[in-house]
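Heads up: the structure comes next, in structure tokens.
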Amino acid sequence: TLFLIVRRELTRIRNLFGLLETLFNSRRLRTILAALIFFIFLFGYLFYVSEPDVRNLGDGIWWALVTITTVGYGDITPVTTLGRVVASSLMLLGLGLIATITAIVSAKFIQNFVDHHTNDDVLEKLDEMQLELDDIKKKLQ
């Protein structure tokens, strides 16, 4: 019936909001994101100090953000040996941090899907059984 369909859809919407709340309340995810921001500023500063072509700290931070997210526009590139060491270190660190963030978010999605999908199946089956029971009662009367 329409009531059951609306109820099921509202349950799914509530589950989505619950997932988003759980995701953003994750202490591990907040810690990793804080580390990511810290390393962007740290390596941005190190790159600014080590590269003579980088004119300001903002350019160094921009380069670190582009590098750690593996976008790599190529507008700012290291030319000194020290700059290349800083860049290589940030690349490896960035891959690890992005992989960790992806794993945490994926685990939350999977956990939420398993928890709520199982509940949805049980509720749907109970609704079907209630309809069958109502039909049987009508036939007996």
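In the set LEU42, LEU2, only one residue is farther than 23 Å from ALA87 by Cα and among the aliphatic types (A, V, I, L, M); that residue is LEU2. Of the set (1) at pLDDT 90 or above; (2) within 30 Å of VAL114 (Cα to Cα), all apply to LEU4 but (1).
Annotation: ARG8 fulfils all but one of (1) farther than 30 Å from VAL122 by Cβ; (2) in contact (Cβ under 8 Å) with a residue 12 or more places away in the chain; the unmet one is (1). PHE109 meets each of the listed conditions (1) within 30 Å of ILE5 (Cβ to Cβ); (2) open to solvent by less than 80 Å² (accessible area, probe 1.4 Å); (3) of a type in the set (A, V, I, L, M, F, W, C) apart from (2). The combined condition, being hydrophobic (A, V, I, L, M, F, W, C), in contact with a Phe, Trp or Tyr (Cβ under 9 Å, 6 or more places away or on another chain) and open to solvent by less than 100 Å² (accessible area, probe 1.4 Å), is not fulfilled by VAL114. For beta carbons closer than 6 Å, sequence separation of 6+ or different chains, a first residue in the range 75-104 that is more than 22 Å from ASP59 (Cα to Cα) and a second that is part of a helix (DSSP H, G or I) and charged (D, E, K, R), the qualifying pairs are ILE104/ARG28.
The values are calculated or read from the model by the stated rules, or taken from the named source; none is laboratory data. None of the values given here were measured: they were computed from a predicted structure. Reconstructed Cβ throughout: ideal geometry from the backbone, glycine too, with neighbour counts over all protein chains shown. Note: accessible area is taken over every heavy atom of the protein model, side chains too, but ligands, DNA and RNA are not part of it. Shrake-Rupley method; radii C 1.70, N 1.55, O 1.52, S 1.80 Å.
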